[in-house]
1. Let me check the size of the chain from its C-alpha atoms; what are the radius of gyration and Dmax in Å?
2. Need the full-extension length gain, residue 49 to residue 13, defined as separation in residues times 0.36 nm minus the C-alpha distance. One decimal, nm.
3. Using only DSSP helix segments of four residues or longer, with each worth -39500 (n - 2.57), what per-residue ellipticity at 222 nm results for the chain after dividing by its residue count and rounding to 500?
4. Note down the relative contact order for the chain as a percent, whole number, built from C-alpha pairs under 8 angstrom at least six residues apart.
5. If R₀ is 41 angstrom, what is the calculated FRET efficiency for the pair residue 27 and residue 4, using the beta carbon separation as r and rounding to 0.05?
Ligand SMILES: [Zn+2]
């Protein structure tokens, strides 16, 4: 029997993995630094793609190249704009978009 992870638990595990990886890379505050940036306040991960994109590739949710670390303010701005998100990932994660 294949155990299917609950989505919430899966993301929690991915987040723990990412947190460790960002720590190891020395990234500990918001990477976007838009106007009104809150630096290390209410930080979370902003993904390269919308959630539905990861449905059939759940492993990618926990990949460094699929995420940037953001404060609450910058996350909101990036989330609201596909163009801005594209730009952010091109600038900060200039690499294979699938990776
Ligand atoms: Zn910020």
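No lab work stands behind these numbers, since they all come straight from the coordinates. Note that this is a predicted model, so its numbers are computed, not measured. Positions of Cβ are backbone-derived with ideal geometry, glycine not excepted, and every protein chain shown enters the neighbour counts.
1. 13.6, 50
2. Fully extending the segment from residue 49 to residue 13 adds 11.1 nm.
3. That calculation yields -12500 deg cm²/dmol at 222 nm.
4. Values: 103 pairs, mean separation 29.1, N = 99.
It rounds to 29 percent for the chain.
5. In this case the efficiency is close to 0.85.
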